[in-house]
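The values are calculated or read from the model by the stated rules, or taken from the named source; none is laboratory data. These numbers were taken from a predicted model, which means no experiment stands behind them. Note: ideal-geometry Cβ built from the backbone for every residue, glycine included; neighbour counts use all protein chains shown. Just so you know, the surface numbers come from the protein's heavy atoms only, side chains and all, with ligands and any DNA or RNA stripped out. Shrake-Rupley method; radii C 1.70, N 1.55, O 1.52, S 1.80 Å.
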Amino acid sequence: MDFSHVQLSDEDRAFRDELRDLLRSIVTDDVIRRDRETGENFDEGVHLALGERGLLAADFKPESEGGFSAVRRRVWELEIGRAHTPWFHWPTTAMVAHTLDQFATPELKEEVLPKVLSGHYRLCLGYTEPEGGSDVATCKTRAVREADGSSWIINGSKMFTSNAHNAQFVFLVTNTDPDAPKHQSLTMFLVPLDSPGVEIQPLRTVDGDRTNITYYSDVRVSDRYRVGEVNGGWAVLREALNAEHGTVERDAQGLQKLATMSEHVLLLAEAIDRIAAVATDDDSVRYRLGRAIARMEAAMSTPEMFGRVAIAQTMRDVSPDLMDILGAAGALPVDVDGAADDGGAEYIFRLACPTGIYGGTLEVFRNMIAQHALGLGRPNYSPPAKRPA
């Protein structure tokens with residue numbers, strides 16, 4: 001196996017340097033502070049600046065259509081993470097946009113995609129329901145077609161509609177045939193969030209992030225916003241879920257991100273480096289830091305959905321140890337007087353919990369690994385059999 005470094009051409013080095021300069025100018029300390037305070041993981045000024053320079057389009061398109069080469073895409077991903085760019089809204093938007101590119105009508109693509117690539121349209125996910133958990137196919141949000149067939153009336157609610165308040169459309173899974181089996185009753189819509197009857201309510205997670213509950217009360221949506229066939233939504237949704245889970249087919253060059261959530265583990269690496277520089281120099285601390293670094297390096301080297309689990313579990317296991325090494329001041333958040341590491345370890349501790357929930361819980365991913373990678377069959381949650389008297 002060849003572990004040699006990729007040699008950047010002069011042009012690629014120039015691209016990297018220009019990107020670093022741009023990110024330094026737009027991802028300011030105020031942007032990062034505001035992102036920590038709001039928990040939105042989004043900054044419109046940064047997003048529009050990247051769109052204006054064609055960088056969103058280059059990230060979206062394949063190289064054959066003017067997008068990044070594999071090397072530049074990897075440079076882009078690394079520099080975005082290193083700059084602490086408020087970023088997680090774009091991967092969601094791009095994932096939905098790729099699904100639209102595959103399944104939407106030409107008219108809908110012409111309406112939406114150019115403004116997505118300029119940064120003016122953002123898209124969010126309407127999957128999870130208040131009582132649905134991670135099984136998005138158990139959908140109760142109803143879409144009923146009006147008699148003339150030109151539009152639909154949607155009623156229901158969705159949990160964890162992150163960045164809905166910064167988005168123009170929600171990619172919504174609905175039930176259009178309650179009597180059909182659950183995977184044959186779904187229809188996908190791209191619903192304009194300024195439609196009458198849409199309500200967005202903020203919801204704070206334990207780490208301080210903002211997500212939303214969205215309500216849909218007699219929301220009228222034109223049939224032109226339907227994505228894919230009626231009751232054929234599972235085929236549409238499955239492609240988007242594969243991208244979100246990190247189970248899409250990988251190229252042979254080895255330059256793709258190893259796993260989703262890799263930006264989160266970069267934050268952990270920075271925290272470990274800073275803590276190692278100030279921690280007490282004794283055998284116990286050296287052992288604990290060494291163990292943390294070994295766990296982190298293993299997680300950073302683990303691909304696909306395996307890496308998704310390894311990253312989140314490592315953050316959950318390592319962050320309490322980092323706070324303990326720093327002592328009581330390690331529990332203070334950023335910008336609080338006396339906070340060790342300016343609250344970096346405390347932030348990682350809070351971030352670790354939802355990192356194991358985004359896009360599906362760790363338990364869901366472990367079941368996927370057990371079934372699809374190890375061939376262990378479906379989990380059995382039935383109560384244990386009673387012993388005979």
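Data for the structure
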quantity: Residue in region 7-16 that is surrounded by 13 or more Cβ atoms within 10 Å (Cβ to Cβ) and either modelled with pLDDT under 95 or touching a Gly at 6+ places or on another chain (Cβ under 8 Å) (or both) present; calculated: yes
quantity: Check on G330, modelled with pLDDT of 95 or more and in contact with a helix residue (DSSP H, G or I) (Cβ under 6 Å, 6 or more places away or on another chain); calculated: no
quantity: Hits in region 128-149 (condition: of a type outside the set (A, V, I, L, M), modelled with pLDDT of 95 or more and in contact with a Ser or Thr (Cβ under 8 Å, 6 or more places away or on another chain)); calculated: T141, R142, R145
quantity: Any pair with Cβ under 7 angstrom, 6 or more apart, that starts in region 273-299 at a residue that is in contact (Cβ under 8 Å) with a residue 60 or more places away in the chain and ends at one that is in a helix (DSSP H, G or I); calculated: R274/D341; R274/G344; I275/L322; I275/I325; I275/L326; I275/D341; I275/A345
quantity: Hits in region 22-39 (condition: open to solvent by less than 40 Å² (accessible area, probe 1.4 Å) and among the charged types (D, E, K, R)); calculated: D35
quantity: Listing of strands (runs of 3 or more DSSP E) fully contained in region 98-188 that carry 2 or more residues being open to solvent by 60 Å² or more (accessible area, probe 1.4 Å) and free of Cβ contacts under 8 Å to residues at least 24 places away in the same chain; calculated: none
quantity: Residue among T85, T92 that alone is part of a loop (DSSP other than H, G, I, E, B), touching a residue at least 12 places away in the same chain (Cβ under 8 Å) and of a type outside the set (G, A, S); calculated: T85
quantity: Residues that are touching a residue at least 60 places away in the same chain (Cβ under 8 Å) and within 28 Å of E37 (Cα to Cα), drawn from region 194-236; calculated: R204, T205, V206, D207, G208, D209, R210, I213, T214
quantity: Within region 252-281, considering residues that are of a type in the set (D, E, K, R) and outside any helix (DSSP H, G or I), the one nearest to E304 (Cα to Cα); calculated: K257
quantity: Condition met for D43 (open to solvent by less than 30 Å² (accessible area, probe 1.4 Å) and acidic (D, E)); calculated: yes
quantity: Only listed residue being over 24 Å from L117 (Cα atoms), surrounded by 17 or more Cβ atoms within 10 Å (Cβ to Cβ), among the hydrophobic types (A, V, I, L, M, F, W, C) and not assigned by the TED database to the domain that holds R316, chosen from V219, V227; calculated: V219
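Here is a yes/no grid of residues against (1) under 25 Å from the mean Cα position of the chain (by Cα); (2) crowded, with 19+ Cβ neighbours inside 10 Å; (3) outside the structural domain of R73 (by the TED database):
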| position | (1), (2), (3) |
| --- | --- |
| L255 | yes, no, yes |
| L268 | yes, yes, yes |
| A271 | yes, yes, yes |
| A277 | no, no, yes |
| D281 | no, no, yes |
| Y287 | no, no, yes |
| R291 | no, no, yes |
| M296 | yes, yes, yes |
